[in-house]
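Chemist: Got a structure here, written out as structure tokens. Questions coming.
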């Protein structure tokens, strides 16, 4: 499915400013601070709250005064003080100073998670996705129930179409926060869609200008350039990457394939790792072209294990098994392809206006997800149905079944 990024802006982009503002204003509510000087009329909590308000209204002079008052009351090891100092520097435009303070906060600080979240958002706004991702992951490690860092990672991984990481972060978000219809829709959408390539090229160009070492943005840009048959630009984009970079090898092999250079294709396929989806698919197709059905079957098996949702791999497996005379297994793979197609059609319907009010569609999406093994997404759809009607027996039975299966494990 080809999709414009604007289609998912309500999840990835809209409300980002509102969310960031809520983080700055609501930070004080996330953490409990103690300390009260009986000789003063204001506690540290009150000073910190007024500091929040001053920064939100861009009254930096008052904010600085409140910070000095808080500092005078604070113990030498006050864990919240560096967070306040870093925030004031950031608010006043001293990004380097503010980041240095926040990123120096030790992991054993009770406020390490929020400091990493703030630092990650600063990097993200500046287009530096690599340090942003690292800070958000650090925030989640420190606070497994953190919501905002997961949403920010979904934005990054969504742009770069890092499907495995997207699945993991969406599943983590579903564990710690109720999801809206739009959230679950985007979760399903990102399993199989491709953004319009020019939009990705434009975005990745900006990110690479901010950080030329951003490998994932470089890969995403090169992949999108190839979709537009801009092979020379793709080759130039890949040039800084190592010769043994698996994704770069796959893209260079694709360039050679598009240019009809079979010797180069074979060379790249030989040097690439076995457990790489794109390389496995290319090896399978090359084997098919040479009539090596068993080898093609083995390569499609690798590809379908790495990405069970990829229709090319599933259909390829069905066809090669049929050619080998294994009609029973071929039919099973063909059935999976049909189920994936049915789910994709349902996801497309979920993009239509007022789809969020269609309870029957949610039931079908839940069943479709479960049919292809997307149990976390199936549970999320049933959660939405149950939220509309807690007495819905079908939804409650499905949730009981899915929760029981999850507890039992694989």
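Chemist: If you go through the stretch 259-282 one residue at a time, do you hit one that is at pLDDT 95 or above, within 21 Å of the chain's Cα centre (by Cα) and in a helix (DSSP H, G or I)?
Modeler: yes
Chemist: What number of residues in the stretch 50-63 are part of a helix (DSSP H, G or I) and surrounded by fewer than 14 Cβ atoms within 10 Å (Cβ to Cβ)? If you could, list the steps in order and put the result at the bottom.
Modeler: Step one: filter the stretch 50-63 for residues part of a helix (DSSP H, G or I), giving 50-56, 60-63.
If we keep only those that are surrounded by fewer than 14 Cβ atoms within 10 Å (Cβ to Cβ) as well, we get 56, 61.
Qualifying residue count for the region: 2.
Chemist: Here is a further query. Within the group 247, 232, which residue is more than 30 Å from residue 336 (Cα to Cα) and either outside the structural domain of residue 165 (by TED's automatic domain parsing) or at pLDDT 95 or above (or both)?
Modeler: 232
Chemist: While we're here: State whether the residues of the stretch 345-363 include one that is over 19 Å from residue 180 (Cα atoms) and surrounded by 15 or more Cβ atoms within 10 Å (Cβ to Cβ).
Modeler: Looking for residues that are over 19 Å from residue 180 (Cα atoms) and surrounded by 15 or more Cβ atoms within 10 Å (Cβ to Cβ), one finds none in the stretch 345-363, hence no.
Chemist: Another one. Out of (1) within 30 Å of residue 201 (Cα to Cα); (2) free of Cβ contacts under 8 Å to residues at least 60 places away in the same chain; (3) within 26 Å of the chain's Cα centre (by Cα), the odd one out for residue 112 is which?
Modeler: The one condition residue 112 does not meet is (1).
Chemist: Could you please find all residues in the stretch 197-214 being surrounded by 17 or more Cβ atoms within 10 Å (Cβ to Cβ) and either assigned to a helix (DSSP H, G or I) or over 18 Å from the mean Cα position of the chain (by Cα) (or both)?
Modeler: Listed by number, the residues that qualify are 197, 200, 201, 203, 204, 207, 208, 211.
Chemist: In the list 165, 107, 152, which residue meets the criterion of being within 12 Å of residue 216 (Cβ to Cβ) and either out of contact with any strand residue (DSSP E or B) (no Cβ under 7 Å at 6 or more places or on another chain) or not assigned by TED's automatic domain parsing to the domain that holds residue 379 (or both)?
Modeler: 165
Chemist: Looking at 287, 331, 323, 387, which is the one that is touching a helix residue (DSSP H, G or I) at 6+ places or on another chain (Cβ under 7 Å), surrounded by fewer than 18 Cβ atoms within 10 Å (Cβ to Cβ), more than 20 Å from residue 190 (Cβ to Cβ) and not assigned by TED's automatic domain parsing to the domain that holds residue 172?
Modeler: Of the residues listed, the single one that is touching a helix residue (DSSP H, G or I) at 6+ places or on another chain (Cβ under 7 Å), surrounded by fewer than 18 Cβ atoms within 10 Å (Cβ to Cβ), more than 20 Å from residue 190 (Cβ to Cβ) and not assigned by TED's automatic domain parsing to the domain that holds residue 172 is 323.
Chemist: Then there is this: Within the stretch 167-178, can you find the residues that are buried (at least 21 other Cβ atoms within 10 Å of the Cβ) and in contact (Cβ under 8 Å) with a residue 24 or more places away in the chain?
Modeler: Passing the criteria: 170, 173.
Chemist: Kindly list the number of the only condition in (1) more than 24 Å from residue 187 (Cα to Cα); (2) assigned to a helix (DSSP H, G or I) that fails for residue 243.
Modeler: Just one mismatch for residue 243, condition (2).
Listed here are the residues, each with its yes/no results for (1) surrounded by fewer than 23 Cβ atoms within 10 Å (Cβ to Cβ); (2) free of Cβ contacts under 8 Å to residues at least 24 places away in the same chain; (3) within 26 Å of residue 160 (Cβ to Cβ).
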{"site": "223", "(1), (2), (3)": "no, no, yes"}
{"site": "260", "(1), (2), (3)": "yes, yes, no"}
{"site": "266", "(1), (2), (3)": "yes, yes, no"}
{"site": "272", "(1), (2), (3)": "no, no, yes"}
{"site": "281", "(1), (2), (3)": "yes, no, yes"}
{"site": "302", "(1), (2), (3)": "yes, no, yes"}
{"site": "306", "(1), (2), (3)": "yes, no, yes"}
{"site": "310", "(1), (2), (3)": "yes, no, yes"}
{"site": "314", "(1), (2), (3)": "no, no, yes"}
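Chemist: Looking at the structure I just gave you, is residue 100 modelled with pLDDT of 95 or more, in the same structural domain as residue 62 (by TED's automatic domain parsing) and surrounded by 15 or more Cβ atoms within 10 Å (Cβ to Cβ)?
Modeler: Answer is no for this residue.
The values are calculated or read from the model by the stated rules, or taken from the named source; none is laboratory data. Here the structure is a predicted model, which is why all the values come from computation and not from measurement. Positions of Cβ are generated from backbone atoms using ideal geometry, with glycine treated the same way; all protein chains shown enter the neighbour counts.
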